[in-house]
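Notes follow the structure.
We did not get these values from a lab; they are worked out from the coordinates using the rules stated. As the structure is a prediction and not an experimental result, all values here were calculated from the model. Every residue, glycine as well, gets a Cβ built from its backbone with ideal geometry; the counts of neighbours run over all protein chains shown.
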Amino acid sequence: METLRFIQENGGLISLLLGQHLLIVAIAVGLAILTGVSVGVAISQHPRTRRWVLAFAAVLMTIPSAALFGLMIPVLSQIGYGIGVVPAVIALFLYAQLPIIRNTTTAISNIDPALREAAIGMGMSTGQRLRKVELPVAVPLIMAGVRMATVINIGIAAIAAYIGAGGLGSLIIRGIAQSDTRQLLAGAIVISVIAIAADYALYGLQRLLTPNGLNKNKLATGRMKEVTT
Amino acid sequence: MIQIENLNKQFGAVTAVEDVSFNVEEGQICVLLGPSGCGKTTTLKMINRLITPTSGTIRINGRDTSELDSVTLKRSIGYVIQQVGLFPNMTVEENICVVPDLLGWDKSKSRKRAGELLEVVALDPAKFLKRYPCELSGGQQQRIGVARALAADPPVMLMDEPFGAIDPINREVIQDEFRRIQRLVNKTVLFVSHDIDEAVKMADCVALFHNGKIQQFGSSDDLLARPNSEFVANFMGGDRIMKRLRLLRAADVLSKIAPRQHMQIVGSSSGIAAHSHLIVKPGDDLRQVLSQLLGRGQDWALCNDCDGRFIGYVHQADILARLVQNITPAVH
């Protein structure tokens, strides 16, 4: 109850921190989609390179977040960004790579070879094939990777408060420092809620982006509506 | 129309296609026939350069295809594969319009053509244009595959076992359909198959492949009746003479000689048979005619034209005599 009252009384502060939190995650995941999908597509036809890239991304994933943030302070302070939002975004960007690259490359390399053969045989260039056929067909799996990356990042972004990036992690850190359970719980609860909410929202986006022809259930209900109206 | 000269393909140390030469005339269906791994599909894919030949020339309409850009070449040739490969993210209409769109055709023109092509392949445009591939049966999908290959009106079509994945009943239907479509659009078709019956039914000419070489090139009847080697004779099957029945029509054995009345094969119930002679049309294939005659225990049938006018008799003995005409009695 006390925690809820705390959240009510500090609505302004919490929404500010929430905004910071989501902004860091959004920038990091946004950039990671650009690089992750590109890398995933590029390596999908080269099994050897794919093994190496995925292994490297998996290693990145195993670095404890506190250690990664710590490691970046001396490196980035060379250019004056040792602490704050920049190292936080970079770290989250790195953590988002594995799920996005892995899902993209799996989706592209598992595409029915007949589709590729038909596309090439009909005279599509590589770019046209990707744009018109392979990426649309791969959307559900790529989006699943993006959702995973986002949820992971929302959690890890809490640690970024230690290097001064702000966000809801600040509440948790202060809660620990001041032995204030209310603040600590408030931070933790809000982070969990936005992680779940983001996952749902992205699921909605996933369904929206998935081509109609790939979703039999949606088609069936759509046709039913056509019949009844 | 298509001239292939001394075509070779090496995959490393393996020779997949060796010194293959043949010509296909405009408007003909040429079936590349043979067992798995005989080089027929490799030959087909070298024509639209999905596979690059090691040596040899391919001319389409007199033009050496190696002078053409690979993408332009592919867009100018219709291509149908066994697994169909319809794009699941596109509607039937969008699938059919893929090549016209790549060629930058006017949208309204290509959309109109999609509707016309659906009618050609006997599917209702109002019902199917906006559907997705996952909502279609295998046979319907392959009809769309054929329509898609015809979309930009290419003079040449390459078909890689197009009906191989369709159940036997629907395969017969779609083969008949394709023959009808072919008469309508008059394309030059290269058709890969391992099914002798399909080849006999579809082909104007057959190239029988074995170990990367053409063993025999000729009409279906040449291969069935006059095989040039033991391999060809064996491949065409022990019943190859019987398979000639498929190539013959009732009109081929039409006779004016009336049968002696009531002459029935032993065992038939002459009472009924005398009043119900089999009536066939000139276009009926002799395999069916003979089968029906045997089934009824009769040895002749009446032949009426489309308007139901009597034009002659079909005798069982004439059918059998026709089967063994022009055959090479023994091979090597």
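Let me know the mean shielding of A:113-120 by other chains, meaning the per-residue number of their Cβ atoms within 10 Å of its Cβ.
Numbers: counts 2, 6, 7, 1, 7, 13, 4, 7.
Whole-number average of other-chain Cβ neighbours for A:113-120 is 6.
Need the full-extension length gain, B:Lys112 to B:Asp305, defined as separation in residues times 0.36 nm minus the C-alpha distance. One decimal, nm.
Numbers: separation 193, 0.36 × 193 = 69.48 nm, distance 3.82 nm.
Using 0.36 nm per residue and subtracting the Cα-Cα distance, I get 65.7 nm.
A Förster radius of 51 Å, combined with the Cβ-Cβ distance separating A:Arg51 from B:Arg246, puts the computed FRET efficiency at roughly 0.45. 3J(HN,Hα) along the stretch B:242-252, derived from phi through the Karplus expression 6.51 cos²θ - 1.76 cosθ + 1.60 where θ = phi - 60°, amounts to 5, 5, 4, 3, 4, 7, 9, 10, 4, 4, 5 Hz, with x in place of Gly and Pro. Computed on the Cα trace of the stretch A:133-200, the radius of gyration divided by the Kirkwood hydrodynamic radius gives Rg/Rh = 1.18. Computed over neighbours whose Cβ is under 14 Å from that of B:Arg59, the net charge equals -3, Lys and Arg +1, Asp and Glu -1.
Compared with the rule-of-thumb size 2.2 N^0.38 Å for a compact globular protein, the stretch A:64-199 has a Cα radius of gyration ratio of 1.43. Over the Cα atoms of chain B, each weighted equally, I'd like the Debye log10 I(q)/I(0) at q = 0.09, 0.14, 0.15 Å⁻¹, rounded to two decimals. The Cα Debye sum returns log10 ratios of -0.58, -1.13, -1.21. Write down the percent of antiparallel bridges among all DSSP beta bridges whose residues are both part of the protein assembly as shown, to the nearest 5. Bridges in the protein assembly as shown are about 55 percent antiparallel. Ordered by the number of other Cβ atoms lying within 10 Å of each residue's own Cβ, fewest first, B:Cys306, B:Cys38 fall into the sequence B:Cys306, B:Cys38. Each Lys or Arg adds one and each Asp or Glu takes one away; over the other residues whose Cβ falls under 11 Å from the Cβ of A:Glu134, this sums to +3.
Per the Debye formula on identical point scatterers at the alpha carbon atoms of chain A, with no solvent, log10 I(q)/I(0) at q = 0.16 Å⁻¹ is -1.09. Summarising the amide proton neighbourhood of B:Leu32: residues at separation of 5 or more, or on other chains, whose placed amide H is nearer than 5 Å comprise B:Phe191, B:Val192, B:Ser193, B:Ala207.
Helix-only arithmetic for the protein assembly as shown: the sum of -39500 (n - 2.57) across DSSP H runs with n ≥ 4, divided by the residue total, places the mean residue ellipticity at 222 nm at -16500 deg cm²/dmol. Each label was represented as a point 7 Å from its Cα along the Cα-to-Cβ direction; for B:Phe11 and A:Ala26 these points are 5.2 nm apart. Remark on B:His210: its backbone amide H falls under 5 Å from those of B:Gln215, a criterion applied only to residues 5 or more positions apart or on other chains, H modelled at 1.01 Å from N. At most 11 other Cβ atoms within 10 Å and a DSSP loop assignment: could you name the trypsin sites (Lys or Arg not before Pro) in the stretch B:174-257 that fit? Here the sparse-neighbourhood loop sites are B:Lys256. The share of alpha-carbon pairs in the stretch A:1-130 lying farther apart than 25 Å comes to 47%.
Summarise the long-distance tail of P(r) for the stretch B:107-220 by giving the % of C-alpha pairs beyond 19 Å. Provide the component values of the computation, followed by the final result.
On the way: 3159 of 6441 pairs.
I get 49 percent for the Cα pairs in the stretch B:107-220 exceeding 19 Å.
Averaged over peptide B:123-134, how many Cβ atoms belonging to another chain are found within 10 Å of each residue's Cβ? Don't jump to the answer; show the numbers that get you there.
Values: counts 0, 0, 0, 0, 0, 0, 0, 2, 3, 7, 2, 6.
Average neighbour count from other chains, rounded to a whole number: 2.
Could you tell me which of rounded, prolate or oblate describes the stretch A:25-81, using a ≥ b ≥ c as the square roots of the eigenvalues of the alpha-carbon gyration tensor, with rounded for a/c under 1.5 and, failing that, prolate when a/b is larger than b/c and oblate otherwise? It comes out prolate by the Cα gyration axes. Here the Gaussian network model covers chain B, with springs between Cα atoms less than 10 Å apart; of B:Ala149, B:Ala165, B:Ala225, B:Ala165 fluctuates the most. The equivalent ellipsoid of the protein assembly as shown has semi-axes of 68, 28, 19 Å, largest first, where each one is the square root of 5 times an eigenvalue of the Cα gyration tensor.
Model label sites at A:Glu2 and A:Leu60, defined 7 Å from Cα along the beta-carbon direction, differ in position by 4.2 nm. Each residue of the stretch B:80-89 was assigned a 3J(HN,Hα) from its phi angle through the Karplus curve 6.51 cos²θ - 1.76 cosθ + 1.60 (θ = phi - 60°); the sequence is 10, 10, 4, 7, 6, x, 5, 7, x, 7 Hz, with glycine and proline shown as x. Comparing A:Ile154, A:Ile163, A:Ile101 in a Gaussian network model of chain A, where Cα atoms under 10 Å apart are tied by springs, the biggest mean-square fluctuation is seen for A:Ile163. Normalised by the number of residues in chain A, the mean separation of alpha-carbon contacts (under 8 Å, six or more apart) gives a relative contact order of 26 percent. Put simply, the amide H of B:Ile311, placed in the peptide plane, has neighbours under 5 Å in B:Cys303, B:Asn304, B:Asp305, leaving out anything fewer than 5 places away on its chain. Full extension of the chain between B:Asn234 and B:Ser291 yields a length gain of 18.1 nm, computed as 0.36 nm times the residue separation minus the alpha carbon distance. Restricting attention to chain B, close to 55% of DSSP beta bridges with both partner residues there are antiparallel.
Membrane-span-like helices of chain A, defined as complete DSSP H segments with a Cα extent of 15 Å or more along the helix axis and a mean Kyte hydropathy of at least 1.0, are identified as A:11-43, A:65-77, A:85-109, A:135-156, A:181-209.
Apply the Debye scattering formula to the stretch B:1-128, with a single equal point scatterer on each alpha-carbon and no solvent, then give log10 I(q)/I(0) at q = 0.19, 0.21 Å⁻¹. Debye curve over Cα of the stretch B:1-128, log10 I(q)/I(0) at q = 0.19, 0.21 Å⁻¹: -1.14, -1.24. Karplus-based coupling profile of the stretch B:61-66, in residue order and whole Hz: 6, x, 9, 5, 5, 5, with θ = phi - 60° in 6.51 cos²θ - 1.76 cosθ + 1.60 and x standing for Gly or Pro.
Note on B:Lys243: lysines with a C-alpha under 25 Å away, same-chain residues under 8 apart excluded, are B:Lys40, B:Lys201, B:Lys213, B:Lys281.
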